[in-house]
1. Region 132-283: percent of C-alpha pairs farther apart than 21 Å?
2. Suppose every K and R has +1 on its Cβ and every D and E has -1 on its Cβ; what is the size of the dipole of region 192-301 about the Cα centre, in Debye to the nearest 20?
3. What Kirkwood hydrodynamic radius do you get for the chain when you take the inverse of the mean 1/r over all pairs of distinct Cα atoms, in Å?
4. For region 240-281, what mean projected area does the convex hull of the alpha carbons give, in nm²?
5. Quick one: dipole size for region 141-189, taken about the Cα centre, charges +1 on Lys/Arg Cβ and -1 on Asp/Glu Cβ, in debye to the nearest 20.
6. Relative contact order, percent, of the chain when contacts are C-alpha pairs under 8 Å separated by at least 6 residues?
7. Return the Rg/Rh value of region 227-299, two decimal places, where both radii are evaluated on C-alpha atoms and Rh is the Kirkwood radius.
8. With +1 on each Lys and Arg Cβ and -1 on each Asp and Glu Cβ, and nothing else charged, work out how big the dipole of the chain is about its Cα centre, in Debye to the nearest 20.
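Any read-out appearing in this document is the output of simple, stated calculations on the displayed coordinates, not a laboratory observation. All figures in this text were calculated on a predicted structure; none of them were measured in a lab. Note: ideal-geometry Cβ built from the backbone for every residue, glycine included; neighbour counts use all protein chains shown.
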Amino acid sequence: MKHLLKMLDLSKEEIVDILNLADQLKYELKHGIPHHILQGKTLGMIFQKASTRTRVSFEAGMYQLGGYPLFLSSSELQIGRGEPVQDTARVLSRYIDCIMIRTFEQNEVEDLAAFGDIPVINGLTDFSHPCQVLADLMTIREYKNKLEGLNLTYIGDGNNMANSLAVGCLKVGMNVTLACPQGYYPDERVLQFAKEYPNFKIVNSPKEACIDADVVITDVWASMGQEKEAEIRRKAFKGYQVNDENLSVAKSDVIVLHCLPAHREEEITAKVLEQHSKEIFDEAENRLHAQKAVLVRLMDK
């Protein structure tokens, strides 16, 4: 693994290896066992989209690994004033050991990797959110003790989370059902990938999607950059909510996950969120551990 650009790039073996290392690093952290594996290494973190979990988890994780995290706001970089991404990639490659970027266009992440000489991590784009899905898979395995054969349901927009969940979960052997309104399906690249898997389907009924679900996941109806569409999306996604009615047909031990931030009473009710807050905030914590595993695999050569 040279980079982490999107879930489509990872093999099942690479995903499982990251999860196993994340489990180990989490155990060591909880038991006070130092793991300064990246002593002397520097991570540059480019943010063109605001963040809570991504910035804090990467910054804390790099520190715990013995390295140095460097926050790079796009407003303070020449990339924010029109410098080509390929030039930024070449320059940063001579200063630091790895780049994490949280931005809009997937092409920007791909170009950083193509023109630079150091590993690149996708902290989020409009197409893909691999770091979040690795944390989700880690959390699911913690609660269910396996991944293969589990029924995963995603309710909501066919956005970067739907794209990455579909790919990641199918690769590790899960059965994936997406409930999305017409016109809000995942990216065509993901649909082409999923055609090879008979255990994948898209439905328009959230309740139908939840039948026998082991895991139910949702995300906000309007992501960053879609604020002007918020009212239109509220109408389109009416009923696409994780609530008691839809969960009534899921398995009795179903877990509910949300990548956060959550808009209570839109994509998830406050009641359901609080009932499943343990797994949701374990999921948020696991961003730290999964990303540390990615950092180690990319930089500890």
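1. So the portion of pairs separated by more than 21 Å is 37 percent.
2. I would put it at about 360 debye.
3. After inverting the pairwise mean of 1/r, the radius is 19.5 Å.
4. Its Cα hull, projected and averaged over all orientations, spans 2.8 nm².
5. 220 debye
6. Across the chain, relative contact order equals 21 percent.
7. With Rg and the Kirkwood Rh in hand, the quotient comes to 1.09.
8. Around 260 debye, computed over the chain.
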